[in-house]
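Peer 1: Take a look at this one; I'll ask things after.
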Amino acid sequence: MALNNAFTRRRILQLAGVGVAGTTLAACAGPGASNGGDGDGNGNGGDGGNGGEEPGSGSLDPSLAAGAISFAHWRGEDNEAFAKIIEQLKETYPDVEVRQDITPSNDYQSNALAQIRQGTVGDLFASFRGAQLTTMIDADLLVDLTDTGIADKYEASLVSEGLVDGKTLALPYQLVFNQPITNEEILEQAGASELPEDWDSYLSLLDSIQGLGITPIAWPGGEMGNAGQLFNCMIMNLGPSDDMCARIEAGDLKVTDDWFLEMLRHYQELIPYFQQNATGTAVEPAQQMFASGDAAMLATGSYHIASTRALGATFPIGMLAPVTAAAGEAKYVGVHNATFALGVSSVSENPDTAFALLDFLSDPAIAGQYGDDTAQFVTVKDVEYTNEDLSHTSDWVQKETLLAPRFQFNNLDIRNAAEGACIEVVGGKSPEQAAEDAQQIIDQQIGN
Amino acid sequence: MAGMTKTKRRARRAYRKERLVLLAFTVPALALYISFFIIPALQSLQYSLTNWNGYSATFDWVGLDNFTRALTNDSLFTNAVTNNLKFWLIVLAFQTLFALMLAVFLFRNFKGSALLRGLFFFPTILSSVSVAYIWKFIYDPNYGLGNDILGIFGISSSFLGNDDTAIYWIAITQVWFHAGQMMTIFIAGLQSVPQEMIEAAAVDGAGRWQVFKNVTWPMIAPATSIVMAYTTIQSFKAFDLILGLAGNPPKSSMDIMSTRIYTTFANSQYGYASAQAILFVIVIVALNFAVRRIVGLTQPKTES
């Protein structure tokens, strides 16, 4: 009957066919073309970056600051400190609204690029030094700040990672020491009048601590991100050059080389000094162990001093890196990292306000306030700290420390393979086997 | 005659209008489905043939290289597939078994049955991140409840710290999380089995096991199929549970296909991650097909 044939199967199939064809065509838009790209048909998806405008081509003027912006970062523990600073900013710029978009650090590592590129968050945003900052720069997501002269407010030696080809693209804001923090009361009880600067005296100190019935080192071996901080110190005096991790990634060096195997053997020597079942311990219990005095050291970094205090630690906190060298042969006594690299997003609709916030954060008084509130050093010049923990550990700023080598890795799978080998050795694998397994992954990654 | 034709035409017009209105109701759902499922799926297929890094303006077509790499030259991917298959097998076996056992005990209405069903169903309503954190503390080797319990038997474990067993401990969490949900599907299946068939079998002298094997089990085959298919999909999508328990990125001992794809995306290898995602879908479809066949084979043959 003609009436029933108005939407016959054939008609529906025809409609579906048209729909599928249209959808297929829509789906065939080239990768990277979502922001106005024009594919050239030869595998080049066109200008997928930021609408074609050269980042930083406009000048930034903080006096024009007004309206709402998003500040994207991963430091949930600094939420209050930043909120206080934002309130102070509003005294200068009453029409400014700043929303903090905070994502846990591991997720930020994975998601920030996509979120910031969409422009929904992060008018001002932070990047991890290393792979993430490199990617943000490659993706043209950072406004050139050179003309603003803001870099002059920072210690030049600490912000070099954000300066590319003579341009100021990002400013690492935090100075972190990626080495174990210590309970100085326990170290004193163990007779450590001076901090050991070679491997034998380090092991001897660990023996003395163990003799007190206390776990020498709480190490979060169950969590790749935090477990890997110890790797920085363990490798700092063993690598054939300071850029050893970059060279592993480039294929110049191998984790099966003697120097890397020596480091793995040092990890093996540390096994009796970690808490039991260390490879299954997450970071929270490790912090608790340290804060409650059950462990003499927490093998993460200075960024955990504030959270340890929040857990109730009242003892004086210091720092001590394991020096894997014979007496008198150590080149470095610790590791530092300049991270939390702040930059203005090139897709921001309100870059002046984003820059106003960055400029405000770069003021020595504000930076000092942030440092005091979060127990973290900053890279801004002429800052004076009143926080006791910072005053107590400020001598580390002058010590011979290496810029954290683990962040030289740009391929996260290669980094995880190298650091994972250390965890596997603590878990019982032989150094040779762990190194061989890791090198296999590295070779595969380099080959692709 | 002319009046009749006019009436017919009017009826036809009214019918067509009604069909159009009915068809319009499907448009919002269809638009969402096309926008958020069909187009991304097709784009994934396209990206999988490129070396696009996820943000740059240029890319190269690489043909099937990404698929070849995943299948032949990426031990991280093959490790994730192996882990996922181990995880799936354990979860499939134990979740189905526990859910069926609970359903058999609880499908009849008795005093307290509703409370017990609610209790076993409760973990399902929690968010996966909450479940992950609860179990993260249980599995802590120094402070956790897990070793307190094992200590009764004089043993201890590093749980997620042991590369050989970590994935099985996560499987236990997954079973705890979802067995109650599967129980409700089995309960619905069991309650639809006609009581007279069971009574007839009993009258014929069948014991409880024989009744279950020859009457109940075949009758709940559709429910079993749903449970096994759903469990399979869940086992491959246990992404948030793994990240919550094992951190991001997880250690290789706890890396499953979904977390591997995520890590590859985060590593700025968008094209390769898309190829992994397509293999992921193929594996799930193949396993679901296999499971349905297996469920079919376990049913007694009908004699003609």
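Values quoted throughout were computed directly from the atomic coordinates according to the rules given, and no laboratory measurement underlies them. All values derive from a computational prediction rather than experimental measurement. Backbone-built Cβ (ideal geometry, glycine too); neighbour counts: all protein chains shown.
Peer 1: Considering only B:M219, B:M182, B:M197, give the residue with the highest GNM mean-square fluctuation for chain B, with springs between Cα atoms whenever their separation is below 10 Å.
Peer 2: Fluctuation is largest for B:M197.
Peer 1: Need the list of lysines near B:K86 for cross-linking: C-alpha distance under 20 angstrom, and skip anything on the same chain fewer than eight residues off.
Peer 2: Straight-distance partners of B:K86: B:K237, B:K251.
Peer 1: Over the stretch A:161-278, one equal point on each Cα, no solvent: what is log10 I(q)/I(0) by the Debye formula at q = 0.13, 0.14, 0.16, 0.20 Å⁻¹?
Peer 2: -0.67, -0.76, -0.93, -1.23
Peer 1: Do any trypsin sites (Lys or Arg not before Pro) in the stretch A:364-440 lie in a loop, going by DSSP, with at most 16 other beta-carbon atoms within 10 Å of their beta carbon, and if so which?
Peer 2: When the trypsin sites (Lys or Arg not before Pro) of the stretch A:364-440 are filtered for loop state and at most 16 Cβ neighbours within 10 Å, A:K381, A:K399 remain.
Peer 1: Convex hull over the Cα atoms of the stretch B:73-297, averaged projected area in nm²?
Peer 2: Average of the hull's projected areas for the stretch B:73-297 equals 15.0 nm².
Peer 1: Principal axis extents for the stretch B:155-288, Cα atoms only, whole Å, descending order, please.
Peer 2: Each principal axis gives a Cα extent; for the stretch B:155-288 these are 66, 43, 20 Å.
Peer 1: Mind checking the dipole of chain B: about its Cα centre, +1 per Lys or Arg Cβ, -1 per Asp or Glu Cβ, Debye to the nearest 20?
Peer 2: Here chain B has a charge dipole of around 2060 debye.
Peer 1: Can you sort A:Y385, B:Y139 so the residue with the fewest Cβ neighbours within 10 Å comes first?
Peer 2: Starting with the residue having the fewest Cβ neighbours, the order is A:Y385, B:Y139.
Peer 1: Here is a follow-up. Most mobile of B:A246, B:A57, B:A24 per a Gaussian network model of chain B (Cα springs, under 10 Å)?
Peer 2: Judging by the Gaussian network model, the answer is B:A24.
Peer 1: To continue, here is another question. Taking other Cβ within 10 Å of each residue's Cβ, how do B:F121, B:F105, B:F37 sort, fewest first?
Peer 2: With the fewest neighbours first, B:F121, B:F105, B:F37 line up as B:F37, B:F105, B:F121.
Peer 1: For the stretch B:145-154, take each phi angle, set θ = phi - 60°, evaluate the Karplus expression 6.51 cos²θ - 1.76 cosθ + 1.60, and give the result in whole Hz per residue in order, putting x for glycine and proline.
Peer 2: Rounded to whole hertz, the list is 5, x, 6, 4, 5, 5, x, 4, 9, x.
Peer 1: Still on this model: At q = 0.09, 0.10, 0.14 Å⁻¹, what log₁₀ I(q)/I(0) does the stretch A:329-448 have when each alpha carbon counts as one equal point scatterer in the Debye sum?
Peer 2: -0.46, -0.55, -0.87
Peer 1: Follow-up. Determine the dipole magnitude for the stretch A:261-397: charges of +1 sit on the beta-carbon of Lys and Arg, -1 on that of Asp and Glu, nothing else is charged, the reference point is the Cα centre, and the result goes in debye to the nearest 20.
Peer 2: Dipole of the stretch A:261-397, to the nearest 20 debye: 500 debye.
Peer 1: With +1 on each Lys and Arg Cβ and -1 on each Asp and Glu Cβ, and nothing else charged, work out how big the dipole of the protein assembly as shown is about its Cα centre, in Debye to the nearest 20.
Peer 2: The dipole of the protein assembly as shown has a size of about 6860 debye.
Peer 1: Another question, if that's okay. Report the Stokes-Einstein translational diffusion coefficient (µm² s⁻¹, integer) for the protein assembly as shown, Rh taken as the Kirkwood radius over Cα pairs, at 20 °C with viscosity 1.002 mPa s.
Peer 2: The estimated diffusion coefficient comes to 73 µm²/s.
Peer 1: Just name one of B:A93, B:Q191, B:W176: the one whose Cα is farthest towards the positive end of the charge dipole of the stretch B:73-297 (beta-carbon charges, Lys/Arg +1, Asp/Glu -1).
Peer 2: Farthest along the dipole direction, towards plus: B:Q191.
Peer 1: Okay, moving on. Would you tally the net charge around A:S127, using a Cβ to Cβ cut-off of less than 12 Å, leaving A:S127 out, and scoring K and R as +1, D and E as -1? Don't skip to the end; give the middle numbers.
Peer 2: Values: positive: A:R129; negative: A:D138, A:E161.
Neighbour charge sum, excluding A:S127 itself: -1.
Peer 1: Residue by residue through the stretch A:365-377, which ³J(HN,Hα) values in whole Hz follow from phi under the Karplus form 6.51 cos²θ - 1.76 cosθ + 1.60 (θ = phi - 60°), with glycine and proline marked x?
Peer 2: Calculated HN-Hα couplings, in order: 5, 5, 4, x, 4, 4, x, 5, 5, 10, 6, 10, 6 Hz.
Peer 1: Related question: So, in Å, what gap is there between the alpha-carbon centers of the stretch A:155-193 and the stretch A:347-368?
Peer 2: 22 Å
Peer 1: Viscosity 1.306 mPa s, temperature 10 °C: what is the translational diffusion coefficient of the stretch B:1-80 from Stokes-Einstein with a Kirkwood Rh over Cα pairs, rounded to a whole number of µm²/s?
Peer 2: Working: Rh = 17.6 Å.
Here the translational diffusion coefficient equals 90 µm²/s.
Peer 1: Between the stretch B:74-88 and the stretch A:298-342, how many Å separate their Cα centres?
Peer 2: 36 Å
Peer 1: Pull up all non-local amide H partners of A:V98: gap of 5 or more, or a different chain, and H-to-H distance under 5 Å with H placed in the peptide plane.
Peer 2: So A:V98 has HN proximity to A:I69.
Peer 1: Above 17 angstrom, tally the Cα pairs of the stretch B:85-211 and express them as a % of all pairs, no decimals.
Peer 2: 68 percent
Peer 1: Using only alpha carbon positions, build the gyration tensor of the stretch A:236-387, then give the equivalent ellipsoid semi-axes as the square roots of 5 times its eigenvalues, largest first, whole angstrom.
Peer 2: 33, 25, 16
Peer 1: With just the Cα atoms defining each centre, how far is the stretch B:161-236 from the stretch A:377-448? Give it in Å.
Peer 2: Result: 48 Å between the Cα centres.
Peer 1: So, one more: Which of the trypsin sites (Lys or Arg not before Pro) found in the stretch B:233-304 are loop residues per DSSP with 10 or fewer other Cβ atoms within 10 Å of their Cβ? Write out the running numbers ahead of the final one.
Peer 2: Numbers: sites: B:K237, B:K251, B:R260, B:R292, B:R293, B:K301; in loops: B:K237, B:K251, B:K301.
Passing both the DSSP loop test and the Cβ count: B:K301.
Peer 1: Also: Helix-derived [θ] at 222 nm for the protein assembly as shown: sum -39500 (n - 2.57) over DSSP H runs of at least 4, divide by residue count, nearest 500?
Peer 2: Details: 31 runs with 394 residues, N = 752.
Mean residue ellipticity at 222 nm (helix-derived): -16500 deg cm²/dmol.
Peer 1: Let me ask you something else. Once the cut-off is 42 Å, how many percent of the Cα-Cα pairs in chain A end up in the long-distance tail? Each step should come with its number before you reach the end.
Peer 2: Numbers: 24236 of 100128 pairs.
Value for chain A (Cα pairs over 42 Å): 24 percent.
Peer 1: Further question on the same structure: Identify all aspartates and glutamates with a Cα-Cα distance to A:K84 below 14 Å; exclude those on the same chain that are fewer than 8 residues away in sequence.
Peer 2: A:E97, A:D372, A:D373
Peer 1: List the lysines whose Cα lies under 29 Å from the Cα of A:K331, skipping any in the same chain that are fewer than 8 positions away.
Peer 2: Partners within reach: A:K254, A:K381, A:K399.
Peer 1: Per residue of the stretch B:174-182, what does 6.51 cos²θ - 1.76 cosθ + 1.60 with θ = phi - 60° give for ³J(HN,Hα)? Whole Hz please, x for Gly and Pro, Karplus curve as stated.
Peer 2: For the stretch B:174-182, the Karplus-derived couplings read 4, 5, 4, 5, 10, 4, x, 5, 5 Hz, x marking Gly and Pro.
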